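Just below is one structure, and these are the notes that go with it.
The values are calculated or read from the model by the stated rules, or taken from the named source; none is laboratory data. These numbers were taken from a predicted model, which means no experiment stands behind them. So basically every Cβ, Gly included, is an ideal-geometry build from the backbone, and we count neighbours across all protein chains shown. Note: areas computed on protein heavy atoms with side chains; ligands, DNA, RNA excluded. Shrake-Rupley method; radii C 1.70, N 1.55, O 1.52, S 1.80 Å.
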Amino acid sequence: MTVIEEFQVHRDNVRETRTQRHACAALDNDQLLVRIDEFALTSNNVSYAVAGDMIGYWQYYPAPAPWGIVPAWGSGTVIQSAHPEIPEGERLWGFFPMASHTVLTAGRVRQDQLTDVAEHRQPLPALYNNFRRTAAEPALLQAMESQRSLLFPLFSTAYVLFDYLQDNAWFGATQIVIGSASSKTAYGLAWLLRQSTAAPPVVGLTSPGNVTFTSALGCYDSVLTYGTEAQLNPLPSVWVDMSGNTGVTAAVHESLNTRLRASVSVGLTHWDAPARKGPLPGPRPEFFFAPAQIGKREKEWGPGVIMERATQASADIATATAEHTVIEHRHGTEALRDAWLELLDNRAPAQRGLLLSLAQP
């Protein structure tokens, strides 16, 4: 009988973790036992944990409170199947738990995709319930399996955010300022903006230690360090906050004031930054929820079109910036715990991409 190993995080103190093991029960009809071969650990995972209750990320793979299982993008192999259309050995890519294995309830099966239709998932955004059957996909995607887990979710978010800004005519701004500019979602957005002749110039804000890396990306028209927000050109601007650092957001708002046309909050990697008291000058920061823009485009463009475009954009960005990413593979719960704490403390090198596995080789 397969033993499932799960990495769990305390919901109220995300630095506290534990490992739980339990035997997999016999499969019901249409269920699949999937060995999770690798999953990516990125800034996205911190946002999933910090916003777990607010957006519902803890609900995808429930654990007894106060513990939660952080989801992660990765790839896996079906090792047992109780669904007539899904054979053992099938390769899947999607939103998996940080665990060695998981059980999915397969439904709405197509040649290239299946949906986990477990009852507890029904109220959740459908985007995260779908799993790609990779054998039916183009060879290019199959060859980029590691990059797909590590980079595509971040670059897809960047694409949807780019589309959201474009859809709103850049909010009338003539300058877009992006925080945590060395992060992959940030420079994915900057790369897309630089490819568009209609987009405004892009300014990156980053820490002094990441200036060289951020400038070398070639995605930004200019790069400033935190603490120099007063040097921002006094132009109509959009602020895109990739970290949730309220101090930096306050400095940008105070510098640009009424020239700020929109303040968009995307990530929460600086989850433990002290909260600012009192209102900010300029527009109220709004949290960007990618599924909302995806849902809008699904209605306007047709089902699946925006994600097809996001996937293609992700492949383009990954290829264009490949020299700036060093992919590392690690195995085991101790390695995962160390990497998780490193990510929480913002000690992870900007150029590193980390893939983990808890399953036995």
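Do we find that S196 is surrounded by fewer than 19 Cβ atoms within 10 Å (Cβ to Cβ), touching a strand residue (DSSP E or B) at 6+ places or on another chain (Cβ under 6 Å), at pLDDT 95 or above and not β-branched (V, I, T) in this structure?
Against the criterion (surrounded by fewer than 19 Cβ atoms within 10 Å (Cβ to Cβ), touching a strand residue (DSSP E or B) at 6+ places or on another chain (Cβ under 6 Å), at pLDDT 95 or above and not β-branched (V, I, T)), S196 does not qualify.
Could you tell me whether any residue of segment 30-40 is closer than 27 Å to Q293 by Cα, touching a residue at least 40 places away in the same chain (Cβ under 8 Å), hydrophobic (A, V, I, L, M, F, W, C) and open to solvent by less than 30 Å² (accessible area, probe 1.4 Å)?
Yes; the residues of segment 30-40 include at least one that is closer than 27 Å to Q293 by Cα, touching a residue at least 40 places away in the same chain (Cβ under 8 Å), hydrophobic (A, V, I, L, M, F, W, C) and open to solvent by less than 30 Å² (accessible area, probe 1.4 Å).
Return only the number of the condition from (1) in contact with a strand residue (DSSP E or B) (Cβ under 9 Å, 6 or more places away or on another chain); (2) under 16 Å from I306 (Cβ atoms) that A135 does not satisfy.
With respect to (1) in contact with a strand residue (DSSP E or B) (Cβ under 9 Å, 6 or more places away or on another chain); (2) under 16 Å from I306 (Cβ atoms), A135 is out only on (2).
Of everything in segment 224-244, what is open to solvent by less than 40 Å² (accessible area, probe 1.4 Å) and in contact with a strand residue (DSSP E or B) (Cβ under 6 Å, 6 or more places away or on another chain)? Give them in sequence order.
L224, P236, S237, V238, W239, V240, D241 - these are the residues of segment 224-244 that are open to solvent by less than 40 Å² (accessible area, probe 1.4 Å) and in contact with a strand residue (DSSP E or B) (Cβ under 6 Å, 6 or more places away or on another chain).
If Q122 passes every condition in (1) open to solvent by 60 Å² or more (accessible area, probe 1.4 Å); (2) of a type outside the set (V, I, T); (3) closer than 20 Å to P291 by Cβ; (4) at pLDDT 95 or above but one, which one does it miss?
Every listed condition holds for Q122 apart from (4).
Using beta carbons and a limit of 8 Å, which pairs, at least six apart or on different chains, have the first residue in segment 201-212 and touching a residue at least 12 places away in the same chain (Cβ under 8 Å) and among the polar types (S, T, N, Q) and the second one open to solvent by less than 10 Å² (accessible area, probe 1.4 Å) and part of a helix (DSSP H, G or I)?
Between residues of segment 201-212 that are touching a residue at least 12 places away in the same chain (Cβ under 8 Å) and among the polar types (S, T, N, Q) and residues that are open to solvent by less than 10 Å² (accessible area, probe 1.4 Å) and part of a helix (DSSP H, G or I), the close pairs are T206/T214.
With the requirement that a residue be touching a residue at least 60 places away in the same chain (Cβ under 8 Å) and open to solvent by 20 Å² or more (accessible area, probe 1.4 Å), what does segment 48-72 give you?
V50, I55, Q59
Test D167 against the criterion of being touching a residue at least 60 places away in the same chain (Cβ under 8 Å), open to solvent by 30 Å² or more (accessible area, probe 1.4 Å) and not small (G, A, S), and give yes or no.
For D167, the condition - touching a residue at least 60 places away in the same chain (Cβ under 8 Å), open to solvent by 30 Å² or more (accessible area, probe 1.4 Å) and not small (G, A, S) - is met.
Tell me whether segment 62-78 contains one or more residues that are modelled with pLDDT of 95 or more, over 25 Å from the mean Cα position of the chain (by Cα) and not acidic (D, E).
no
Could you check segment 297-321 and list, in sequence order, the residues that are surrounded by 15 or more Cβ atoms within 10 Å (Cβ to Cβ) and more than 22 Å from L140 (Cα to Cα)?
Across segment 297-321, the qualifying residues are R297, E298.
Out of the residues in segment 322-336 meeting the condition of being part of a helix (DSSP H, G or I), open to solvent by 50 Å² or more (accessible area, probe 1.4 Å) and of a type outside the set (A, V, I, L, M, F, W, C), tell me which one is nearest to F213 (Cα to Cα).
So, considering only residues that are part of a helix (DSSP H, G or I), open to solvent by 50 Å² or more (accessible area, probe 1.4 Å) and of a type outside the set (A, V, I, L, M, F, W, C), the one nearest to F213 (Cα to Cα) is E323.
In segment 76-116, which strands (runs of 3 or more DSSP E) lie fully inside it and hold 3 or more residues that are surrounded by 21 or more Cβ atoms within 10 Å (Cβ to Cβ)?
91-97, 101-107
Could you tell me how many of the residues in segment 51-75 are hydrophobic (A, V, I, L, M, F, W, C), in contact with a strand residue (DSSP E or B) (Cβ under 7 Å, 6 or more places away or on another chain) and outside any loop (DSSP other than H, G, I, E, B)?
Number satisfying all stated conditions: 4.
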